[in-house]
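In what follows, a structure is listed as structure tokens, so that the remarks can point back to it.
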Amino acid sequence: MAQGGGGEVDCNCERAGGVGEGVKRTRLPILICGVALLGSSVFGEPKPQRYSLEARASDLDSRCRSHPEIGFVLQDGKGKPADKQQASVDTRVALRGELVIWLMGGNDGLLEELNTLGLHVIAPAYARQWFGICCQENPVGEQCRGNVRLEAATGEDFSDEVDIPKADGMMERSYRFVKWLAKENPEGGGGQFLDQQGKTLRWEKVTMSGISHGSTTAARFAKHQKVGRVVAFSGPRDQYQLWQSLPSATPENRYFGFTHVLDSGWVGDHYCRSWEMLGMLEFGPIVNVEEAGPPYGNTRRLVTDFDVGGDANRAHGAVVPGKGAKKDPKGGYGHREVWRYLFTHPVEEVGEPVGHDDSCTMDQRRR
């Protein structure tokens, strides 16, 4: 959170012409509220700090709609907003000029950890709740889930299973959010991620990331749209789908993955299958980060086997910042160097190609 002299306080006051309903900044320095919102000292330039912002997607774009048919709503049955979006950046560290779009619900601890790497981060709210509702036929079509993922990401008509318009897709939600950030929080520098006309994002400066369902959609979207990097935690999955082998707009050396070996998606060969189909085996072997250090042979495929008490559910989420993550002897995160590698390792530095892993079942329908 933004740090300031004399302590911290939740400050939701508005500046003139400023923050509307559903838009807040959290734990701002104890200063005059109008000044604190700007992150500025009373005199001079803005003080370096961490900016953490929140906005409802429907406040930023009046075209946003609920899609109850896939469980995506703007507010729940009690009237609580369900379309909140998070953004953060820390101007106290050297910024890389890269934006991470996190495709699952964001939590401030995770965003803060990515901020320490000099990354801007947003977690847009978009129509992603379709999983478990669509493409349930048996056998499922080999492009069904991939097509729904792409429609949810782009707001374009790729699937007959859903009807997600542009305003409710990830691309437009992210663009509108960054556009708002550029105006509302110029100190954070979000405007650099808009093109010169301010009409779209500069996707070459974007890292698509997420965990599980989010990492799978991140990879599917990167097949369609060239991005700077993909970081897939506990994924991609979609074990009966073939989109992973489609030609990729994003060069294959820009895909990175990290999972725990007790994760059911790894035990079931779902992740290793996707990693091979995405072409990641061309850049090095699978490396256990508990047995090697950065740069891990410049590979793109990382795993861990640290002790999670045999709990597969914990293993699934243990590779990202959070209470289930590995801790070092001092109580800090034990995979910080892994995360640094995944998000900042130069994409042109690659390992040696390896062949197919015979222990990984590629035809999941024959299991």
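Looking only at the range 272-287, residues that are more than 18 Å from K223 (Cα to Cα) and not small (G, A, S) come to 3 in all.
Candidates are the residues of the range 265-309 that are touching a Gly at 6+ places or on another chain (Cβ under 6 Å) and of a type in the set (S, T, Y); the one that is nearest to W243 (Cα to Cα) is Y271. The criterion of being surrounded by fewer than 17 Cβ atoms within 10 Å (Cβ to Cβ), in contact (Cβ under 8 Å) with a residue 12 or more places away in the chain, at positive phi and not aromatic (F, W, Y) does not hold for G309. Determine whether A312 is touching a helix residue (DSSP H, G or I) at 6+ places or on another chain (Cβ under 7 Å) and either among the β-branched types (V, I, T) or farther than 16 Å from A218 by Cβ (or both). In short, yes.
Residues checked against (1) crowded, with 16+ Cβ neighbours inside 10 Å; (2) more than 24 Å from the chain's Cα centre (by Cα); (3) in the same structural domain as N115 (by TED's automatic domain parsing):
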residue	(1), (2), (3)
K326	yes, no, yes
P329	no, yes, yes
P346	no, no, yes
D357	yes, yes, yes
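For the range 322-367, residues that are touching a strand residue (DSSP E or B) at 6+ places or on another chain (Cβ under 6 Å) and in a loop (DSSP other than H, G, I, E, B) total 2. In summary, helices (runs of 4 or more DSSP H) completely within the range 193-308 and bearing 2 or more residues that are under 28 Å from K179 (Cα atoms) and among the basic types (K, R) occur at 213-224.
For the range 141-176, residues that are in a helix (DSSP H, G or I) and closer than 15 Å to S58 by Cα total 10.
Taken as a whole, the structure leaves Y255 outside the set of residues that are in the same structural domain as E349 (by TED's automatic domain parsing), surrounded by fewer than 24 Cβ atoms within 10 Å (Cβ to Cβ) and in contact (Cβ under 8 Å) with a residue 12 or more places away in the chain.
The values are calculated or read from the model by the stated rules, or taken from the named source; none is laboratory data. The structure displayed is predicted, hence computed values, not measured ones. Using ideal geometry, Cβ is built from the backbone for each residue, glycine included, and neighbour counts are taken over all protein chains shown.
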